[in-house]
Every structure is written in structure tokens, then in C-alpha cells.
């Protein structure tokens, strides 16, 4: 079960490593966003508190150094000015043993100043981070570089590192090495990828009606695990009275028998789909700058990453067991972008290697685009075999079976998790009385695939939506009406037997779309367009999906402090990969406290005020029950920037910190001020409640009380020794943890967090002052904690945001080219923190989805990106002219109230457009496609 | 070292640079990044596809010309005047931004970008377009088509172009003298 921890991060091994070998490290490892005074101007907030633009906007629009890639050693405070430059030589075949490098092409002048090969790494005890610091054994593979006499695990695997002290020589050598064949190969061995990565199966048989108890479901049973016998998956035996896994397989057998014996009254639709391998093509290629200060054993690094906590801790673990002395890891990060591919990528560890062999100088390792294609994490290719059973008379879905085979390439990374998440999403927006979904995460010699926007759900849900469209055609019914008839409604169980958190509103989106003029008028529009544009075929397609956000382990920390002058400061672990999360977290504070923080730091890894550990991990309920007795234990300390998690999960920590500061600090301070004078002052006769607290123009008022400025409140809070700083840690496993804290000055309080630290104003008691030992905070040992049950891991999902997309397109019958004329999307995502950021995400997601549907494609193996010849000249990204810039429209469903949580929506927005395009192409030319991308050539072939 | 070098001088953002010894085959983007420390023009593809790396060449005859620095040798710019993204906004003596250009202001107010890696290229491409329209205004009805053509090669992976294009349209329509009719 622990293996299902999607991006959860187990610190057990590192904690052990730290205490034994380098016990300083929880304090010493740190990661900060590089401070940028030019970016710290408050102008992004208008005087009235309104958001004018992103807090990083000015820096980004003026070309300031913002990305990790922009930094050189001389830009790093305290680093030497002189640096070196490194490049990797990568394997372009994976069927023979590596023999040697022949760098004669470089001539005598351009030989590297330092050449590092795999044998040296082995000798020095350097291997990819593994053990308890990674999600699962072998997560990053077994070797960093291909060793002499060994066969590469995967295409693109590095075989050697070249370091140059001089930029001009480096730049010339890099150009000369591009496309050059400098690797000498030995014996042809055939491919030697790792063993396949994992298989799982989610089987559910519902009761007689959606309201009846499930006969079998993963939530009360289990996700059955399969193992591989060669390329074949072996599932547990089917036993109706056996283990949970055996009962799952027995239930699957029941479903299979039902499908096989389906009467002619049922439509049994069996289809095979393919979703291609894709390069996320984040515009900043992977890069890092690392300085190993050998005398002091300090590893300084500036790394482009979505997961700084993981990089800091795993790099620590990697180096701590090597021959290199390590006393401190000093990690800096910049703004970045990755769409998931800079989350748990192996690249930062190659940067660390470069630094370790830099002979005292900082070393920069920065991919060019060819190298990025060759090594960047890919979106998994999926082969999908689906069966959908629909009762013809009632047009209700009876059962669905799906087998999802994905190719993870030559490193495990998140392949099983991607398969798992794709599997649990496959039902789409429908209620399925019976479902049998399974994934097989396979290894190959392809470039490794990992966490990429969509995380498996793009692949499985797109197939479902193409299939439902075909089912509607075969049944002769309106495709949206069929969807509405089968839509998953609030309270209905998903394919794991779990009920979604909050109201499901897919039916509302469907109802809106059903009456949209593009849908109601599609027959007439088609006729009119084709009459007017001879040689073109016109089509309208629709699809709808909802996608989970978050993972089975979401840990977040926010610290808010109020200084004596009334200035607010925020510390946050999240970092900005373009989504605007730094801006939106500040706006969450503003929502509760009437103003955005005056100072803020993001990307924090070092948390002295939150001395928690998530080691060891809890794999079973018993383990969790025992471990949670320790008030300094949490199931997950921090999560990377991933799975659309900033708005809901990180936002939760930020909101709770802000609320706690209001309730424990600002409000008591205000009451004290208002209560001055006889009879309880102005407060006494009215006695408003804290729920009446409102901020007006940055002043706190309630029930007619005099509005109080922050400086006044802060002065009082500090003088009275009230709570002036709050740090909260939150944990979510498809449900937030809660805990009871005896809050000094307040009393026992139940909060939706699992750890709390407080800072008191100067006027506090000597005892409380003495208690502030955790980075100047008083860590409050919780009295009782309520963690979500471990079985929640099997729920797969309880948080959904949904989107429906209508696409209008024209197909040129002479060229096969598809021209997207317009599209309209309706999203449900709760309350939007910053609507402009949401709309940008929608539009960007739609563009990426258009790329997936029509343009982007990578062969997996020898002809693919691992061969080092791929770039954007042959890998076509959507341009402005491809996305219907001027005609696209979007709408967001109004929230049910202003208390709807903001929901993660960065991934879901790119998905529905993919099957919508496929369905529109079918409407246009009357042929169905079962593989993406749908190319002009395929369309031409279909037309002839 | 036998890498052929030649001294070169040029004007960058109004300031004289050089003479500097630069390898004859070095691309302009490497010169900007690793010799001058001007990293705002971004490396995207190295093939002239994505246009994240563009700068303005102020040509005496043609006016502002958008140039791809990843496929143009540094020495091409010897003796010429260029504007990089760092030179668009008005800055004080300490380098702090005092005033943005209308294009930059429109981009930030319209939340045109997310990660911002492509932004310098979009600012550059749009600035060149505006200066061209100042010399040769287009009919109001052709504004959208003009924007599409001018920015067509620029790749943005985050925001899907809409907010960029809308911002450019608003700058063009709100700047006197750029459109006819």
C-alpha cells in the first residue's frame, strides 16, 4: 500500500543517514528562492489591496534573473566568481555494452579539463538516490552513468561527464559533439531494461442501486497487486472468500462473465486506443549550478526543480554515503517551469555529480534542447483496451473494463503511480455499476517517463470519452444526453467505492453544454460551413472529464508572523513553476487578514519552527495509529509542487495559518483595545463575536467597533504577550487531518491541521518565552490527532474538478489538415483565488491538449528522443495560429457560495479538449480515430 | 587555445560594449549570457524555432528588426546597435525598474504569461511590431491578423497565447497612430 504513495516522500532512510553520518542535515539543508529586490516592490498590490499583477510579473517582463538557468556563479552570494561548464555524453543505443569514449573529434585543444566516467562514480560510492529517500526502490534506476562493459538501461543514459573551465572551449566542444558518434561499443547484448515496474487492479461491483452498499470495492477491499511473469501480469487467484486481493479478482471474474454473457439487449463496445509519448517541452530546459566546497564539506546548489525538498534531502542521502565529506547541503532554487517533469527528475543529481567533480569550482550543467529531449521525463505512452457495456433500452452503462498498459522507459520513476492514477480516473464522469480497471507499468529501453501534467488520466479519460461518443452514435442517441443519463452525481461512488468530497457538478456542465448553440446547431452549422467552404469538412465534438487533484499524501507548511510594527511576513514551502502560486497564496492571506503579506519567502525547506518528521512511513493502519502518538510525527512532511496541489492543499495550510493568527492574535488584541475603559469600553455594550471580524481598508472591525490598523493591533499583541506568529502543518490523504491543541491564551482547540507552532509577543510570560525553542516558536504538542485512515489510499480520489469542452473545427480534404475554428469550455473549480490566473491556466491547458490531440508525437525507441536528434523543428508545438486565439471562450461555474474551496485545476483543463477534437474530427469526416495524435496523413488516408 | 577569436564592439541598450575578444563562431545568445551576463533573452531551442531568444537590432535603414540570437553569430552584431529585454524598461542608476514600456505594462496587467520564459521574446516581437506600425499603420480591421502574423513563430507553452494576443491588441488600439480607419 505504501508504494501507492503517489508523490509522498518517505524520509526514513535520510533521517537514519543523517543521524548516523551527517546528523546536522535537517537543519542545514535549505532551499530558498533567490531573493530579488527588484521583484519585491509592492506595486503588484494596489493601495486598496486589489491584485494588479503577479508578484513576479515585473521581474519576468524585464528580463531579470528569475529562472535557475539565468544564474551563474558570480550571481550567487558568497560563491567564487569563476565557474566551469559541463556536458553529458549520452548513449544513443541500448543494445550493446559500453566500451569507451573516443573524444578525438575534439582534437587536442578541446579535450575536457576533467572527464568523469561511471567507474569513478562507483569507486567514489556515488549512485542514484535510493532507499527510504525515494518513493520506491530503484526509483531513479541502478546507475547514474553506464559502466564500461555494461549495457545502457535506456536510450539517452549518460555515459560520461565532460567539464571545462573555460566557456569558449566548452561552447565549441559542445557544438562539435552534437550528433557526433563518440561512444565506442562492445558486445551486442540486446536490451537490458529493468524489470517491469508494477501492476494493479481496481475492481468494483456496486449494489443493486447506486445507494446500496458495494458488493466489492477497493475502499473496503483493496487495489489488487499483480506481479510480472515475463511480460505477463499474474494476478492473485480468484477466491470469493479469500484475501481482499483474491476477492477483487473473483469480482473481476464475475464482471468478465457478465460481459461475455451479455444479451443482444446490451451494446458491448470493445476498442483499443493508443496515447503517444509526449515531451512536456517546458521552455526552461533542465539545469543546475553546483559548487562543492570540499574544505567545509558544503554542497551548494542552484537547481531548476519543482521538488526542492526532495532534491535537498535525496542529494544529501546520495552524497552522505559517498567518499565526499558532507556537512551541509545549501540548495537554492529559482522560478521554474516543468508541468511535472521537474518533479522527481534525476537531472538534479547529475548536476550534483558535476559539482562534486568540479575541483573546487562551481560547475554548470544545463541541457540544450536536443539534450532535454534526450533526457527529460516524458508523458507515458499508453495502450488501452476498453470494453463498455450499455443497456440499449435504458441507455445506462452496466459495466466497463479497461486494461491500461504504459511504457515507463528505463527508470522506474512514477510509472506505477501514473498507471494507478490513470486507472482510477478511467471511469470519467460516469457512474459504473461494475468496473474492472487494471494498469501495467512496463519497463523498456525508452527514455524514462514520469510525472507529467495529466498523470495518466489524460490517457485513460480521453479514451473513455472517445468511446462514449461512439457508443452514443451506435445507440442513435445524443452524445450529451447519453452522458447526462450516466453522469456521476453527488453521493454516488467512484470506481474505488469512494464518495467525492463536496457536490459533483458534472451534470450542470453537461446541461449547459447541451444547450450551447454549437451543440444544438451542429447539423445546420456543418451544412452551412461545408456549402460555403468547398473542400472542407466541418465537425463539432464534445467531451467532458473531471480529474483528481492532490495525491495520497499532501503535506504543507505556512508560517505567518506579525512584527511589532504591524508588518506581516509569510514563509511557505511551495515554489512557483509559473502557475502563480506565490501570488495566490498571498491572496489567500489577504482574504482572511485583509492584506497580503509585506514580506514573503517561498521554496523553504528548512523549518526549525516545525520540527516534524515523517520517518518512518506508515504503511498500515496499526503503524499509523502507533506513530501518530508521537506529536512530532506526520505521515508526510512536505509535498513537491505537483498534482495541481497549490490552491487546495497548500492554500489550506495558508488559510489555517491566517485564521489562527486572526483568532489567536489579532482578535484578542483588538478586543483588548476595544475593551479599554469603564464597562468594557466600546466592546462591552456590543460584544461582537470573532465571526463578525471584517477587514475594511486594512483595518479590523467587527459589529460596529472602531476599525483598528495593523500597527495598533501589532503593538497591543506584542505588548500583551499574545500570539504574534503562527506556523501550521497540514496533512491530507483525500481528507484533512485534524488535531486538538491546548493553545496558550486560548484553550483546547480543534483545528484541521496536524501540527502547530506559536510565537508570543514580548510581553508574554517567562515560561512561554522559554518555550519558544523551535526556531523562535513554541511547538505545541498536539493532545489528540485524527488522521485519515490508511485505507483512504485506495480511494484513489475524492477531490475532483471538472471541465467540458466543445470544439469546432474544419478538415481540409486536400491536405488532411485540421483547423480549429473555435472552442468553448466550462470549468468547475470552486472559488477562484485569482481568476486571471485560472483563465490563463485554462487557455494554456487547452493549447497543450490541442498539441496532444493533433501535433505532438515521439517514437519511443531508436528513432525517438533518446537518439539526441529531436528538437522543436520536428516536434511540433502548438503555435498561436493553432489554438483559435480570438474565438475560444471559457466559463467557470459560479461557486455554490463564497465558502467553496478553490480546487486544483491546472491538469484537468488540458484533457477534455483531446477527445473533443477526436470526436469533432469524426463528426467532420465520419471516421473514428483511436490513436493520438490524429495527423493530417491519417486523416487523408481515412478520407480515401 | 586555437579557437579563433576576434575583437568585437557593439552598442547594447545604448551603452558601448567592447572591444571584447569573442570566438568567431560563437552565437549571440552565448555572448549575451556568458560574456555580458544578460540572461533575459532565453535559450529555448537553439534552432531559431521558438523565438524566446530574440533581441532587437536597430538597423539604420530598416529600423527595428527582430533577430534570433541562438542562430545568429555574435560577430554579426559587431558595430551594430541592439536592444535586449533588459533595455526595454526605464531603469534608475541602480538598475531598478522605474517605468515599463506600454507592451510590458500590458503584458503584466493582462496576466499574459505564467512561467515567463518566453516573455522576453514576446516583448521583443511586439515592440518590433509596434515600431513597424508606427511607420506603416494597418487598417483597424486587420489588427488581429497583423498580430497573428507578427507573433506566429513565438512559442508559449504555459498560457496558450490568448492573454498575450489580447494584450497586444489593446496596446495597438490604444496607441495613437498605429491603425488606420
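Structural remarks
- In summary, residue B:75 fulfils each of the numbered conditions (1) surrounded by fewer than 21 Cβ atoms within 10 Å (Cβ to Cβ); (2) within 13 Å of chain A (Cβ to nearest Cβ); (3) modelled with pLDDT of 95 or more with the single exception of condition (2).
- Scope the range A:658-679; condition in contact with a helix residue (DSSP H, G or I) (Cβ under 8 Å, 6 or more places away or on another chain) and buried (at least 23 other Cβ atoms within 10 Å of the Cβ); matching residues: A:658, A:661, A:665, A:666, A:669, A:670
- The range B:122-131 - residue that is in contact with a helix residue (DSSP H, G or I) (Cβ under 9 Å, 6 or more places away or on another chain) and more than 14 Å from chain A (Cβ to nearest Cβ) and, of those, nearest to residue B:66 (Cα to Cα): B:128
- Here the condition is being surrounded by fewer than 21 Cβ atoms within 10 Å (Cβ to Cβ) and under 30 Å from residue A:537 (Cα atoms); of A:483, A:522, it holds for A:522 alone.
- Of all residues in the range A:472-502, those satisfying the criterion of being within 25 Å of residue A:899 (Cβ to Cβ) and either in contact (Cβ under 8 Å) with a residue 24 or more places away in the chain or not in a loop (DSSP other than H, G, I, E, B) (or both) are A:487, A:488, A:489, A:491, A:492, A:494, A:498, A:499, A:500, A:501, A:502.
- If you check B:91, B:169, B:134 for being more than 8 Å from every other protein chain (Cβ to nearest Cβ), surrounded by fewer than 23 Cβ atoms within 10 Å (Cβ to Cβ) and touching a strand residue (DSSP E or B) at 6+ places or on another chain (Cβ under 8 Å), only one passes: B:91.
- Checklist (1) modelled with pLDDT of 95 or more; (2) part of a loop (DSSP other than H, G, I, E, B); (3) touching a strand residue (DSSP E or B) at 6+ places or on another chain (Cβ under 7 Å) applied to residue A:88, failing item: (2)
- Count of the range A:254-277 residues which are in contact with a helix residue (DSSP H, G or I) (Cβ under 6 Å, 6 or more places away or on another chain) and either under 30 Å from residue A:861 (Cβ atoms) or free of Cβ contacts under 8 Å to residues at least 24 places away in the same chain (or both): 3
- Leading residue by the ranking (surrounded by the fewest Cβ atoms within 10 Å (Cβ to Cβ)) among those in the range A:39-91 that are at the interface with another protein chain (Cβ under 8 Å from one of its Cβ atoms) and within 30 Å of residue A:410 (Cβ to Cβ): A:67
- Against the test of being more than 26 Å from the chain's Cα centre (by Cα) and within 14 Å of chain B (Cβ to nearest Cβ), the options A:882, A:863 yield a single qualifying residue, A:882.
- Failed criterion for residue B:109 (all others in (1) facing chain A (nearest Cβ under 7 Å); (2) closer than 28 Å to residue B:14 by Cα; (3) under 18 Å from the mean Cα position of the chain (by Cα) hold): (3)
- Taking the range A:429-447 as the range and being touching a strand residue (DSSP E or B) at 6+ places or on another chain (Cβ under 7 Å) and over 15 Å from residue A:400 (Cβ atoms) as the test, the residues that pass are A:440, A:441, A:442, A:444, A:446, A:447.
- Test: residue in the range A:672-693 that is touching a strand residue (DSSP E or B) at 6+ places or on another chain (Cβ under 9 Å) and closer than 26 Å to residue A:601 by Cα: no
- The one condition in (1) at pLDDT 95 or above; (2) surrounded by fewer than 21 Cβ atoms within 10 Å (Cβ to Cβ); (3) within 11 Å of another protein chain (Cβ to nearest Cβ); (4) within 30 Å of residue B:160 (Cα to Cα) that residue B:24 fails to fulfil: (4)
- Any hit, the range A:526-533, residues being under 17 Å from residue A:477 (Cα atoms) and in contact with a strand residue (DSSP E or B) (Cβ under 8 Å, 6 or more places away or on another chain): no
- Here the condition is being surrounded by fewer than 17 Cβ atoms within 10 Å (Cβ to Cβ), at the interface with chain A (Cβ under 10 Å from one of its Cβ atoms) and touching a residue at least 24 places away in the same chain (Cβ under 8 Å); of B:47, B:114, it holds for B:47 alone.
- Qualifying residue in the range B:130-153 (condition: assigned to a loop (DSSP other than H, G, I, E, B) and closer than 21 Å to residue A:872 by Cα): yes
- Whichever residue in the range A:92-110 is exposed (fewer than 15 other Cβ atoms within 10 Å of the Cβ) and assigned to a loop (DSSP other than H, G, I, E, B) and, among such residues, is nearest to the other protein chains (Cβ to nearest Cβ): A:109
- Pairs, first within 10 Å of chain B (Cβ to nearest Cβ) in the range A:164-176, second surrounded by 20 or more Cβ atoms within 10 Å (Cβ to Cβ) and in a helix (DSSP H, G or I), C-beta under 7 Å, six or more apart: A:171/B:30
- Of all residues making up the range A:885-909, the number that are at the interface with chain B (Cβ under 10 Å from one of its Cβ atoms) and under 24 Å from the mean Cα position of the chain (by Cα): 3
- Complete set of residues in the range B:141-154 that are in contact (Cβ under 8 Å) with a residue 24 or more places away in the chain, more than 14 Å from residue B:66 (Cβ to Cβ) and facing chain A (nearest Cβ under 7 Å): B:144
- Qualifying residue in the range A:706-720 (condition: modelled with pLDDT under 95 and either closer than 25 Å to residue A:602 by Cβ or buried (at least 19 other Cβ atoms within 10 Å of the Cβ) (or both)): no
- Selected residue [crowded, with 20+ Cβ neighbours inside 10 Å and more than 14 Å from chain A (Cβ to nearest Cβ)] from B:86, B:62, B:66: B:66
- Residue that is buried (at least 24 other Cβ atoms within 10 Å of the Cβ) and more than 14 Å from chain B (Cβ to nearest Cβ), where the choices are A:320, A:315: A:315
- Among residues of the range B:1-21, those that are within 10 Å of another protein chain (Cβ to nearest Cβ) and closer than 13 Å to residue A:167 by Cβ, counted: 4
- Of the strands (runs of 3 or more DSSP E) lying entirely inside the range A:186-256, those containing at least 1 residues that are on the phi > 0 side of the Ramachandran plot and touching a strand residue (DSSP E or B) at 6+ places or on another chain (Cβ under 9 Å) span A:198-205.
- One residue stands out in the range A:866-879 among those that are more than 12 Å from chain B (Cβ to nearest Cβ) and out of contact with any strand residue (DSSP E or B) (no Cβ under 7 Å at 6 or more places or on another chain): the one that is surrounded by the fewest Cβ atoms within 10 Å (Cβ to Cβ), namely A:867.
The values are calculated or read from the model by the stated rules, or taken from the named source; none is laboratory data. Because the structure is predicted, anything quoted here is derived from the model rather than measured. Because the Cβ atoms are built from the backbone with ideal geometry, glycine has one as well, and the counts that use them run over all protein chains shown.
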